[in-house]
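Engineer: Structure incoming, see below.
The values are calculated or read from the model by the stated rules, or taken from the named source; none is laboratory data. Small disclaimer: the values here were computed from a predicted structure and weren't measured. Here the Cβ positions follow ideal geometry from the backbone for every residue, glycine too, while neighbour counts run over all protein chains shown.
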Amino acid sequence: MVSKKPKVKTQRTKVVCLSHKEDADGISSAALIREAFGGDTILEDYPGLMDALEKIKNDEKIKQLFICDLGLSNKNQDEFVQVLSELRKNKVSITYIDHHDLDAKIIKQLEKLKVKLIHDINECTTVQVYNAYKSKLSEHASFVAACAAITDYMEDRPLGAKLLQIYDRQFALINATVLTFNIVGHQKDPDYLLYLVEEISESKYPHEIPNTFEFAQIQVEKLASMVGKVKKSMKMMKNLAYMEVLDAGASGAVNFVLGLSGKDVGVAYKERVDHGIYAVSVRGSKACKIHLGRIVNPLATKLGGSGGGHDRACGAVIPKPKIKQFLKEFNATIS
Ligand SMILES: [Mn+2]
């Protein structure tokens, strides 16, 4: 029997923060939003972004949405605007806080939708969250933001530098690093990542969270063994060095590929077995004057993947059979 429920409008009460799960900037942004506004945290990586937003769109309880540290690409930006416009039709208040390259056309469309946009490519996301909401945050939040700036290589920027100045540099470095290793090593443990968000939002230092140092030590040992593997397996092209990573994550190898090769661009990629794709990490040296994210974005889209990011650090998702073509065209473009 079909029940004839009277159409009752559900009350929208929920606050949700959707943030990047792969690094300290994303986790810390989520923690500061949680401290300032409460609510639920949803952590995602780039491939999972649109599915997560789709789910949020269908949540009839949602009242306020924050999206943090998740940059857009040519492939998903239009769909992103579309989903946000549907949320706005339901009067959901949306704040998008990020520091990745963002198409001017998309900025206009978001402004038209009255999405609150906090976007500065010169400061990491957590620093921007801190700066926007410091009146709602504890003093400790400035430390969280300083650590996030370190891990995003942005502690030399105006706001980031000012926050780091408050603290002893080595004290901040070790906490930022321990946090990062615990995030990287727990990518397949979503409950632990949420636990980190919770602890940080309650003003705990990473070093105070049980077993973080021990866990970081294990990760450091894995990285040490990576040096030998990179030396053995990386391959050179004219303008870049690359390597397929088989065991650890690609982002752990890519800095070694860049450094040990002496090239100005390093690429590391790892297969995502059930997806038929490669997760690709790209890094540029200080001497690299090309905006790598702006090259990788259209190239990955052309090959049926997606990608983008910063000038000297970016990533992509490339269909497995296209990886050689990606490397070849990328090498040719950056000559
Ligand atoms: Mn970031």
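Engineer: Does THR180 satisfy the criteria of being touching a residue at least 60 places away in the same chain (Cβ under 8 Å) and either more than 16 Å from the ligand (Cβ to nearest atom) or under 12 Å from THR212 (Cα atoms) (or both)?
Structural biologist: On the way: touching a residue at least 60 places away in the same chain (Cβ under 8 Å): yes; either more than 16 Å from the ligand (Cβ to nearest atom) or under 12 Å from THR212 (Cα atoms) (or both): yes.
When the stated conditions are applied, THR180 passes them.
Engineer: Here are the criteria: (1) touching a Ser or Thr at 6+ places or on another chain (Cβ under 8 Å); (2) free of Cβ contacts under 8 Å to residues at least 40 places away in the same chain; (3) not in a helix (DSSP H, G or I). Tell me which single one ALA287 does not satisfy.
Structural biologist: Condition (1) is where ALA287 drops out.
Engineer: Would you check if there is a residue in the range 120-137 being within 12 Å of the ligand (Cβ to nearest atom), under 21 Å from ASP311 (Cα atoms) and among the charged types (D, E, K, R)?
Structural biologist: Checked against the condition, which is being within 12 Å of the ligand (Cβ to nearest atom), under 21 Å from ASP311 (Cα atoms) and among the charged types (D, E, K, R), the range 120-137 yields at least one hit.
Engineer: Then there is this: Which residue, of ASP247, ASP311, is assigned to a loop (DSSP other than H, G, I, E, B) and in contact with a His (Cβ under 8 Å, 6 or more places away or on another chain)? Explain how you work it out, then say what you get.
Structural biologist: Numbers: ASP247 fails: in contact with a His (Cβ under 8 Å, 6 or more places away or on another chain).
After ruling out the rest, the residue left standing is ASP311.
Engineer: OK, next. Looking at (1) among the charged types (D, E, K, R); (2) in contact (Cβ under 8 Å) with a residue 12 or more places away in the chain; (3) more than 16 Å from the ligand (Cβ to nearest atom), which one does ASP45 not meet, given that it meets all the others?
Structural biologist: (3)
Engineer: Still on this model: Can you tell me which residue within the range 141-177, out of those that are away from the ligand (no atom under 16 Å from the Cβ) and in contact with a Phe, Trp or Tyr (Cβ under 8 Å, 6 or more places away or on another chain), is nearest to SER203 (Cα to Cα)?
Structural biologist: ALA141
Engineer: Right, here's the next one. Just checking, which of VAL178, VAL184 is at pLDDT below 95, within 21 Å of the chain's Cα centre (by Cα) and more than 30 Å from LYS89 (Cβ to Cβ)? Please lay out each step first, then the result.
Structural biologist: Working: VAL178 fails: at pLDDT below 95.
Within the list VAL178, VAL184, the selection yields VAL184.
Engineer: Also: Got at least one residue in the range 165-175 being among the polar types (S, T, N, Q), in contact with a strand residue (DSSP E or B) (Cβ under 7 Å, 6 or more places away or on another chain) and assigned by TED's automatic domain parsing to the domain that holds GLU35?
Structural biologist: No - not one qualifying residue is present in the range 165-175.
Engineer: Show the residue pairs meeting these rules: Cβ distance below 6 Å; 6+ apart or different chains; first residue within the range 188-216 and in the same structural domain as THR126 (by TED's automatic domain parsing) and at pLDDT 95 or above; second residue in a loop (DSSP other than H, G, I, E, B) and not basic (Lys, Arg).
Structural biologist: Cβ pairs passing all conditions: TYR192/HIS186; LEU193/HIS186; GLU199/ILE209; SER203/SER138.
Engineer: Out of the residues in the range 48-78 that are away from the ligand (no atom under 16 Å from the Cβ) and assigned to a loop (DSSP other than H, G, I, E, B), which is nearest to TYR96 (Cα to Cα)? Talk me through it step by step, then tell me what you get.
Structural biologist: First pass over the range 48-78, keeping only residues away from the ligand (no atom under 16 Å from the Cβ): 48, 50-65, 74-78.
Those left that are additionally assigned to a loop (DSSP other than H, G, I, E, B): 48, 58-61, 74-76.
Details: GLY48: 17, ASN58: 19, ASP59: 18, GLU60: 20, LYS61: 19, ASN74: 17, LYS75: 18, ASN76: 15 Å.
Filtering first and then ranking leaves ASN76.
Engineer: Identify, by number, the condition in (1) assigned to a strand (DSSP E or B); (2) touching a residue at least 60 places away in the same chain (Cβ under 8 Å); (3) over 21 Å from the mean Cα position of the chain (by Cα) that ILE97 doesn't meet.
Structural biologist: So ILE97 meets the others, but not (3).
Engineer: What are the pairs, 6+ residues apart or on separate chains, where a residue within the range 20-32 that is on the phi > 0 side of the Ramachandran plot has its Cβ under 8 Å from a residue that is crowded, with 24+ Cβ neighbours inside 10 Å and not aromatic (Phe, Trp, Tyr)?
Structural biologist: none
Engineer: Further question on the same structure: Restricting attention to the range 96-116, report how many residues are within 30 Å of GLU155 (Cα to Cα) and either within 16 Å of the ligand (Cβ to nearest atom) or among the charged types (D, E, K, R) (or both). Even if it seems obvious, please write down each step before you answer.
Structural biologist: At the first step, the residues of the range 96-116 found to be within 30 Å of GLU155 (Cα to Cα) are 96-108, 110-111, 115-116.
Narrowing further to those that are either within 16 Å of the ligand (Cβ to nearest atom) or among the charged types (D, E, K, R) (or both): 96-103, 105, 108, 111, 116.
Matching residues across the range 96-116 total 12.
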